[in-house]
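Just below is one structure, and these are the notes that go with it.
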Amino acid sequence: MAKKSKKIVRREYTKADVKELRAHSKAKTPVMRIAKLTKRTVGSLRQKALKLGIRLGHRR
């Protein structure tokens, strides 16, 4: 039997989501933790941060 692949469901970023992402960036929260809290992928978060011009997952 062939495996069924998960259907990709895209969710728009709301203003509240962007505000939360900026707050996590300022608090230097690890990206994996942000991903679990927001139920989004690490790649999605990194792409959005790149478009917003903010940094994510600081280690220093």
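Quick notes
- Residues within the stretch 30-46 that are surrounded by 12 or more Cβ atoms within 10 Å (Cβ to Cβ) and either in contact (Cβ under 8 Å) with a residue 24 or more places away in the chain or not β-branched (V, I, T) (or both), tallied: 7
- Restricting the stretch 1-29 to residues that are of a type in the set (A, V, I, L, M), at pLDDT 95 or above and more than 9 Å from the chain's Cα centre (by Cα), the residue that is surrounded by the most Cβ atoms within 10 Å (Cβ to Cβ): V18
- Every test in (1) among the small types (G, A, S); (2) surrounded by 14 or more Cβ atoms within 10 Å (Cβ to Cβ); (3) part of a helix (DSSP H, G or I) is passed by G57 save one, and that test is (3).
The values are calculated or read from the model by the stated rules, or taken from the named source; none is laboratory data. The structure presented is a predicted model; accordingly, all values stated were derived computationally and were not measured. Note: ideal-geometry Cβ built from the backbone for every residue, glycine included; neighbour counts use all protein chains shown.
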